[in-house]
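Q: Okay, handing you the structure first.
The values are calculated or read from the model by the stated rules, or taken from the named source; none is laboratory data. In this text the structure is predicted, and so the values were computed from the model without any measurement. Cβ atoms come from the backbone with ideal geometry, glycine included; neighbour counts cover every protein chain shown. We work out accessible area using only protein heavy atoms, side chains counted, and drop any ligands, DNA or RNA first. Shrake-Rupley method; radii C 1.70, N 1.55, O 1.52, S 1.80 Å.
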Amino acid sequence: MLAIALLVPVAWLLGTFPSAQIVARAHGRDIMREGSGNPGASNVHRLLGWKAGALVLLLDFAKGAAAAGAGLAIQGRPGALVLGVGAVVGHTFPLYRKGGKGVAAAGGALVVLYPLVVAGLAILWFLVARVLHKASLASLLATILFPVAVLVLGYAGWEVGVVAGLASLVIVRHRANIVRLIRRQEIDLGAVRTD
């Protein structure tokens with residue numbers, strides 16, 4: 001695991017790559033000051049349309065997948081989860097700016113080990129977001145169900161624990177969204193926030 005330990009900072013740095021900011025700046029927008037102020041695919045989608053949002057989603061997804069894929073090649077499943085989590089932490093806690101919520105990066109990291117679970121929950125996310133127009137609610141539901149699915153499918157207990165910990169991080173990052181959902185003040189996916 002020495003090689004994996006040495007690569008954790010690299011995975012973290014990969015996770016800090018500012019996908020949303022770069023895409024928004026290319027369109028002359030400041031993602032940190034507009035919409036919800038969150039540097040993620042949903043906010044980019046609201047401000048710039050689905051194509052720009054999909055590009056950010058793909059880039060953030062790729063960060064997690066690349067880190068986990070490298071870990072899998074070097075140290076198998078433990079390596080994949082360690083480096084995948086490293087990338088997600090980098091995405092959510094970069095040094096010099098506000099981080100994202102971690103959903104896309106986590107999805108990328110987890111697809112390496114649980115492709116069918118990610119595919120199934122991605123469909124669920126799409127349906128919930130499409131019907132209720134609440135990306136945060138769709139993300140929270142998929143996040144909560146992920147460790148449950150890993151448990152039900154019989155994966156090792158340590159994997160369930162790591163996935164549950166990763167899910168907890170994503171949920172904590174959505175705490176403001178949870179408050180707005182409870183108060184029925186959460187912004188719709190297709191709307192632009194002005195406050």
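Q: Just to be sure before I move on: is residue 59 more than 30 Å from residue 3 (Cβ to Cβ) and part of a helix (DSSP H, G or I) in the structure I sent?
A: So residue 59 fails the test.
Q: For residue 192, indicate whether it is surrounded by 12 or more Cβ atoms within 10 Å (Cβ to Cβ) and modelled with pLDDT of 95 or more.
A: Answer is no for this residue.
Q: Moving on to the next point. Tally the residues that are open to solvent by 20 Å² or more (accessible area, probe 1.4 Å) and either of a type outside the set (Phe, Trp, Tyr) or within 14 Å of residue 25 (Cβ to Cβ) (or both), restricting the search to the range 39-58. Don't jump to the end; show me each part of the working.
A: Going through the range 39-58, the residues open to solvent by 20 Å² or more (accessible area, probe 1.4 Å) turn out to be 41-42, 45-51, 54-55, 57-58.
Retained after the next criterion (residues that are either of a type outside the set (Phe, Trp, Tyr) or within 14 Å of residue 25 (Cβ to Cβ) (or both)): 41-42, 45-49, 51, 54-55, 57-58.
Residues meeting the conditions: 12.
Q: Sticking with this one: Picking from 137, 113, 166, 141, which residue would you name as being closer than 21 Å to residue 79 by Cβ and over 12 Å from the mean Cα position of the chain (by Cα)?
A: Working: 137 fails: closer than 21 Å to residue 79 by Cβ; 166 fails: over 12 Å from the mean Cα position of the chain (by Cα); 141 fails: closer than 21 Å to residue 79 by Cβ.
Testing whether each residue is closer than 21 Å to residue 79 by Cβ and over 12 Å from the mean Cα position of the chain (by Cα) leaves just 113.
Q: Within the range 1-47, can you find the residues that are aliphatic (A, V, I, L, M) and either closer than 16 Å to residue 104 by Cβ or within 16 Å of the chain's Cα centre (by Cα) (or both)?
A: Residues satisfying the conditions are 11, 13, 14, 20, 22, 23, 24, 31, 41, 44.
Okay, residues lined up against (1) of a type in the set (S, T, N, Q); (2) open to solvent by less than 60 Å² (accessible area, probe 1.4 Å); (3) out of contact with any Gly (no Cβ under 6 Å at 6 or more places or on another chain):
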position	(1), (2), (3)
134	no, yes, yes
139	yes, yes, yes
146	no, yes, yes
153	no, no, yes
156	no, yes, yes
161	no, yes, yes
178	no, yes, yes
187	no, yes, yes
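Q: From the list 38, 43, pick out the single residue that is closer than 28 Å to residue 123 by Cβ and outside any helix (DSSP H, G or I).
A: 38
Q: Looking at residue 172, is it open to solvent by 40 Å² or more (accessible area, probe 1.4 Å), farther than 28 Å from residue 98 by Cα and hydrophobic (A, V, I, L, M, F, W, C)?
A: Spelling it out, it is not the case that residue 172 is open to solvent by 40 Å² or more (accessible area, probe 1.4 Å), farther than 28 Å from residue 98 by Cα and hydrophobic (A, V, I, L, M, F, W, C).
Q: Give just the number: which of (1) in contact with a Phe, Trp or Tyr (Cβ under 8 Å, 6 or more places away or on another chain); (2) open to solvent by 20 Å² or more (accessible area, probe 1.4 Å) does residue 126 not satisfy?
A: (1)
Q: Are any residues in the range 46-56 part of a helix (DSSP H, G or I) and of a type outside the set (A, V, I, L, M, F, W, C), and if so, which ones?
A: Filtering the range 46-56 for residues part of a helix (DSSP H, G or I) gives 46-48, 50-56.
Result: 46, 51, 53.
Q: Considering only the range 61-115, state which residues are of a type in the set (Val, Ile, Thr) and open to solvent by 10 Å² or more (accessible area, probe 1.4 Å).
A: Passing the criteria: 74, 82, 85, 89, 103, 111, 112.
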